[in-house]
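Enquirer: One structure, pasted below without further comment.
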Amino acid sequence: QVQLVESGGGLVQPGGSLRLSCAASGTGFSIADMGWYRQAPGKQRDLVAVITSGGRIRYTDSVRGRFSISRNNAKNTVYLQMNSLKPEDTAVYYCAQGSGWYPDQYWGQGTQVTVSS
């Protein structure tokens, strides 16, 4: 059974930075595709970034150039570095593990990111 635990969320001013971490327990992390999603109040959950087991990466248009996804297979951890944050980035951010460009087999509990002055 896979468990995902996110950390690193919080309150930040516009233009600031945060780094989210997602630690995975269980086996198979190195061969899994990992994604970060976010859900703002009253909106659907959307994919933000994906990193495949082979290291290929995709971003949604609204974060490209500001966010960076990476993984450390030795630590079973995936990261989301978020720079130049905007109020519209405010959401609960979820980590997910699975396969393909929309990994969704296992989910973390989410971590709140609030961008506000």
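Enquirer: For the chain, with every protein chain kept in place, what is the accessible area per residue (1.4 Å probe, Å²)?
Expert: Heavy-atom accessible area per residue stands at 52 Å².
Enquirer: Solvent-accessible area of Trp107, probe 1.4 Å, all protein chains present, reported in Å² to the nearest ten, please.
Expert: 90
Enquirer: With a 1.4 Å probe and all protein chains kept in place, how do Asp46, Asp61, Asp104 rank by accessible area, largest first? Write out the running numbers ahead of the final one.
Expert: Details: Asp46 70, Asp61 120, Asp104 95 Å².
Order by accessible area, largest first: Asp61, Asp104, Asp46.
Enquirer: On alpha carbon coordinates alone, what is the Rg over Rh value for the chain, Rh being the Kirkwood radius? Write down the numbers at each step before the final one.
Expert: Numbers: Rg = 13.2 Å, Rh = 13.9 Å.
My calculation puts Rg/Rh at 0.95.
Enquirer: Something else: Along the Cα→Cβ direction, 7 angstrom out, place labels at Thr60 and Leu11. What is the inter-label distance in nm?
Expert: 2.4
Enquirer: Tell me, what % of the accessible area of the chain is carbon and sulfur with a 1.4 angstrom probe?
Expert: Numbers: 2730 of 6030 Å².
With neighbouring chains kept in place, the figure for the chain is 45 percent.
Enquirer: Could you please state, rounded to a whole Å, how far the C-alpha centre of the stretch 23-44 is from the C-alpha centre of the stretch 45-95?
Expert: Centre-to-centre distance over Cα atoms comes out at 10 Å.
The values are calculated or read from the model by the stated rules, or taken from the named source; none is laboratory data. These numbers come from a predicted model, not from an experiment. Positions of Cβ are backbone-derived with ideal geometry, glycine not excepted, and every protein chain shown enters the neighbour counts. With ligands, DNA and RNA removed, areas are computed over all heavy atoms of the protein, side chains included. Shrake-Rupley method; radii C 1.70, N 1.55, O 1.52, S 1.80 Å.
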